[in-house]
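In what follows, a structure is listed as structure tokens, so that the remarks can point back to it.
The values are calculated or read from the model by the stated rules, or taken from the named source; none is laboratory data. Here the structure is a predicted model, which is why all the values come from computation and not from measurement. With ideal geometry, Cβ positions are generated from the backbone for all residues, glycine too; neighbour counts draw on all protein chains shown.
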Amino acid sequence: MKFLIITADDFGLHEAINSAVERAAREGVLTTTSLMVGAPAAADAVRRARDLAGLSVGLHLVLADGWSVLPPRSIPALVDAHSRFGNNMVRDGVRFFALPAVRRQLEAEMRAQFQAFADTGLPLDHVNAHKHFHLHPTLLEMLLRIGSEFGVPAVRLPREPTWVARRTAGAIAGPAVAGLLSPWLAIMRRRLRAAGLEHNDYIFGMSDSGSMDEARLLEILGRLPDGVTEIYLHPAVESGAAIAASMRGYRHADELAALVSPAVRAAIAACGATTGGFGRLSAMRREERRAA
């Protein structure tokens, strides 16, 4: 079986992203999006999502390079005076693990983001974290524990096939990075399965973040593995620093063009994959169990 989830991340970050998500859902192959509940254009994103019955929406937890839901006075160890998280994920990862006071603030913020999503009234399709920060074992533990209270059905597993890393980072560096991540991915996969949560088997978009154009998508679809694959992109009607300072090199408009490309649609049909969000995947598996 091949099941394909095509996701747009950073929904709510900018109205140019929200416009692209709406167009890609109506005219293209987009099945799913991940919402930043504390971002500047989150309200606009929710309004659009309510009119897109076929689009599955999940929570994109933001704990780095983005905005919090709680005010700075409630989480002073996490954000600056403007409610912005920092971007030093190594330093913050150590703090999350080692400092109980920081962990208490982290848990409060994560719970607030889950609650903010619940308050939208949108069905929760999945949860993932900005920049895959949920690979951190402390964040993953909190995600699973808090998420169980909010009915989380699925979590992204950031496991990209080695051939993509090899092509992007080189014959030595690519597999080396994949090898460093492998133990953490194995732990994550075991914990997701123990919690009874759906997850993808493979993901594409990590090595090519910001450059998932038509050629990249056609290459991936031509080599789509069996199992559950998630392809994630960052579409927008503008590109680069117009969206965020940390995305100066991103080709957002090219990624939108890929999502509405007739050639990409034809390639999906040719590879024989069923498409949808994690919710559809869960429904299919429940039906299979009833029929067995």
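Being of a type outside the set (A, V, I, L, M, F, W, C) and under 27 Å from TRP67 (Cβ atoms): is that true of GLU238 here? In short, yes. Take residues that are touching a strand residue (DSSP E or B) at 6+ places or on another chain (Cβ under 6 Å) and among the aromatic types (Phe, Trp, Tyr) and tell me which of the helices (runs of 4 or more DSSP H) falling wholly in region 7-123 contain 1 or more. Answer list for region 7-123: 100-120.
Within the set of pairs 6 or more residues apart or between chains, which connect a residue that is more than 18 Å from ARG104 (Cβ to Cβ) inside region 129-142 to a residue that is of a type in the set (S, T, N, Q) with Cβ atoms less than 9 Å apart? Every condition considered, the pairs that remain are HIS130/SER34; LYS131/ASN87; HIS134/ASN128. Could we say that ALA118 is surrounded by fewer than 17 Cβ atoms within 10 Å (Cβ to Cβ), modelled with pLDDT of 95 or more and not polar (S, T, N, Q) here? Spelling it out, ALA118 is indeed surrounded by fewer than 17 Cβ atoms within 10 Å (Cβ to Cβ), modelled with pLDDT of 95 or more and not polar (S, T, N, Q). When we screen VAL37, VAL94, VAL79, VAL90 for residues that are in contact with a helix residue (DSSP H, G or I) (Cβ under 7 Å, 6 or more places away or on another chain) and either at negative phi or of a type outside the set (Asp, Glu) (or both), the only hit is VAL37.
Can you confirm whether region 135-147 contains a residue that is closer than 28 Å to ALA53 by Cβ, touching a helix residue (DSSP H, G or I) at 6+ places or on another chain (Cβ under 6 Å) and of a type outside the set (A, V, I, L, M)? No, the conditions are met nowhere in region 135-147. As a summary of the residue check, ALA98 satisfies the conditions (1) more than 21 Å from ARG156 (Cα to Cα); (2) modelled with pLDDT of 95 or more except for the one numbered (2). Within region 50-62, the residues that satisfy the criterion of being of a type outside the set (Asp, Glu) and surrounded by fewer than 24 Cβ atoms within 10 Å (Cβ to Cβ) are ARG50, LEU52, ALA53, GLY54, LEU55.
For region 39-63, give me each residue that is in contact with a Gly (Cβ under 7 Å, 6 or more places away or on another chain) and of a type outside the set (Val, Ile, Thr). Answer for region 39-63, where residues must be in contact with a Gly (Cβ under 7 Å, 6 or more places away or on another chain) and of a type outside the set (Val, Ile, Thr): ALA39, ALA41, ALA42, ALA45, SER56. The C-beta contact set for region 30-56 (first residue under 11 Å from LEU122 (Cβ atoms) and of a type outside the set (A, V, I, L, M), second residue part of a helix (DSSP H, G or I) and at pLDDT below 95, distance under 9 angstrom, 6+ apart or interchain) comprises SER56/GLY279; SER56/ARG280. Based on this model, can you work out whether LEU224 counts as in contact with a strand residue (DSSP E or B) (Cβ under 8 Å, 6 or more places away or on another chain), modelled with pLDDT of 95 or more and within 24 Å of ARG166 (Cα to Cα)? Answer is yes for this residue.
Every residue, every condition in (1) surrounded by 23 or more Cβ atoms within 10 Å (Cβ to Cβ); (2) of a type outside the set (Val, Ile, Thr); (3) farther than 30 Å from PRO262 by Cα, yes or no:
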position: MET36; (1), (2), (3): yes, yes, no
position: PRO40; (1), (2), (3): no, yes, yes
position: LEU70; (1), (2), (3): no, yes, yes
position: PHE97; (1), (2), (3): no, yes, yes
position: VAL102; (1), (2), (3): no, no, yes
position: LEU106; (1), (2), (3): no, yes, yes
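Of the residues in region 18-25, none is surrounded by fewer than 21 Cβ atoms within 10 Å (Cβ to Cβ), within 29 Å of VAL79 (Cα to Cα), in contact with a Phe, Trp or Tyr (Cβ under 8 Å, 6 or more places away or on another chain) and not acidic (Asp, Glu).
Determine, yes or no, whether ALA186 is small (Gly, Ala, Ser), farther than 30 Å from ALA257 by Cα, modelled with pLDDT under 95 and assigned to a helix (DSSP H, G or I). Answer is yes for this residue.
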